[in-house]
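Bear in mind that the values in this text are calculations on the coordinates, not laboratory data. Bear in mind that the values here come from a model prediction, so they are computed numbers and not experimental data. Here the Cβ positions follow ideal geometry from the backbone for every residue, glycine too, while neighbour counts run over all protein chains shown.
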Amino acid sequence: MDAADNDLTVSQWARIREAWGGCAYCGATDAALQRDCVLALSRGGRYTIENIVPACRSCNASKSNDEVTRWLRRKRLDERAFLLRHREVLALLMSEPSIMAAPVGAGDSPVMDGDRALTSAQVGAMPPS
Ligand SMILES: [Zn+2]
């Protein structure tokens, strides 16, 4: 897997959680939030700022590898609200140079996912959304 496709840094993840203010799907704020890939890894999703949202353990486990909008509908969660909010949060994060620059070696460390280290590689190489 190309490291440039998996460039979520610790500080980006912290800002994502902050921007959402809770579980991206059900809004839970009291639960420990996990990184969830909106587009599941098994469906070609990557650990990038565009594809990661905070999810409570229950949503994360329930969603698993499902297609996100189908899962939201099945859970009777607000699919439209999620998609809108996701767009807002992304726009907000993208407008923050300090987040998007993610300079390597600036005290940032790669997010660990199991035994796979995710590098804080160039975000400048991200495709236009
Ligand atoms: Zn949740």
Next on the checklist: Please report the net charge: other residues with Cβ closer than 15 Å to the Cβ of Arg57, K and R +1, D and E -1.
Outcome noted: +2
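With a 10 Å Cβ neighbour count serving as the proxy for reagent exposure, in which order, fewest first, do Cys26, Cys59 appear? Intermediate results must be reported in sequence, preceding the final value.
Values: Cys26 18, Cys59 24.
Ascending number of Cβ neighbours within 10 Å: Cys26, Cys59.
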Item to check | Summed side-chain charge close to Met100 - residues other than Met100 whose Cβ falls under 12 Å, Lys, Arg +1, Asp, Glu -1 | outcome: -2
Checklist outcome for this item: Inter-part gap, Cα centre of the stretch 76-96 to Cα centre of the stretch 3-62, in whole angstrom, is 12
